[in-house]
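Structure first, commentary second.
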Amino acid sequence: MHEGGTLGVSRETLDKLRSFANLLEKWNSKINLVAKSTLSDLWVRHVQDSLQLLHCVGNEVDHWADLGTGGGFPGLVIAICAKDLGFPQKVTLVESDKRKATFLRAVLREVGVAGTVIPARIEGIPPLKADVISARALADLSRLLELAGPHLSNDGICLFPKGVNWKSEVQTASLSWHFEYDAIPSVTDSDAVILKIKGLSRV
């Protein structure tokens, strides 16, 4: 595992991130948590890529919800770093695949980190009223806004990492939704951005 540069976290948190990465590599042979081709670059492709989302918000965040957490990105990384940063106070991981949900719970338990795993489809759960909603590689922007909308607090924001086609996704989503956004350049991929979205409402 190449850790490439400092992450600005404590040694204790770094150890927990390492433990998480080791668990993921062990479980990945049985459950497809991440593409096997990305395991050799796990630290940059997944850990650092997730960690950068924390720099897109301030410490006023109380509840962070991650939709379709899968192998734990970005949700588990957020949960592991929360103690260092003093935020968020609560992290909710929504993952409908029962085996992946079991993995997420195992990591939280083994690394000693607080977090709630909801093993259900996003459309079928009560409103989460989250200050931040994230989702990585889950769906196109229009679908993400549809999924996230019911779960945002009144002043909540969405953080969605997006690839090279992000502009066309924004254009399409704008046909059905009103929203403000910032496109924050990704530190791990020069073609990617993190879309920071607020003021979400239906057209």
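Counting only residues that are in contact (Cβ under 8 Å) with a residue 40 or more places away in the chain and touching an Asp or Glu at 6+ places or on another chain (Cβ under 9 Å), how many does segment 78-102 have?
4
Name the single residue that is modelled with the lowest pLDDT among those in segment 1-16 being hydroxyl-bearing (Ser, Thr, Tyr) and either farther than 19 Å from Phe87 by Cβ or exposed (fewer than 15 other Cβ atoms within 10 Å of the Cβ) (or both).
Top of the filtered list is Thr6.
Conditions tested, residue by residue: (1) within 17 Å of the chain's Cα centre (by Cα); (2) surrounded by 12 or more Cβ atoms within 10 Å (Cβ to Cβ); (3) under 22 Å from Ser50 (Cα atoms); (4) in contact (Cβ under 8 Å) with a residue 12 or more places away in the chain.
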{"position": "Ser134", "(1), (2), (3), (4)": "yes, yes, yes, yes"}
{"position": "Arg143", "(1), (2), (3), (4)": "yes, yes, yes, no"}
{"position": "Ala148", "(1), (2), (3), (4)": "yes, yes, yes, yes"}
{"position": "Leu152", "(1), (2), (3), (4)": "yes, yes, yes, yes"}
{"position": "Val170", "(1), (2), (3), (4)": "no, yes, yes, yes"}
{"position": "Ala173", "(1), (2), (3), (4)": "no, yes, no, yes"}
{"position": "Ile184", "(1), (2), (3), (4)": "yes, yes, yes, yes"}
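Among the numbered criteria (1) out of contact with any Asp or Glu (no Cβ under 6 Å at 6 or more places or on another chain); (2) under 26 Å from Val193 (Cα atoms), which one does Trp43 miss?
Condition not satisfied by Trp43: (1).
Can you find a residue that is assigned to a strand (DSSP E or B) and touching a His at 6+ places or on another chain (Cβ under 7 Å) anywhere in segment 106-116?
For segment 106-116, residues assigned to a strand (DSSP E or B) and touching a His at 6+ places or on another chain (Cβ under 7 Å): absent.
Looking at segment 186-203, which of its residues are surrounded by fewer than 18 Cβ atoms within 10 Å (Cβ to Cβ) and not in a loop (DSSP other than H, G, I, E, B)?
Within segment 186-203, Lys198, Gly199, Ser201, Arg202 meet the criteria.
Within segment 19-47, how many residues turn out to be more than 20 Å from Leu108 (Cα to Cα) and part of a helix (DSSP H, G or I)?
Narrowing segment 19-47 to residues more than 20 Å from Leu108 (Cα to Cα): 35-41, 44-45.
Of the ones still in play, those that are also part of a helix (DSSP H, G or I) are 36-41, 44-45.
Residues meeting the conditions: 8.
The values are calculated or read from the model by the stated rules, or taken from the named source; none is laboratory data. Every value quoted in this text rests on a predicted model; they were computed, and no experiment measured them. We place every Cβ from the backbone using ideal geometry, glycine too, and count neighbours over all the protein chains shown.
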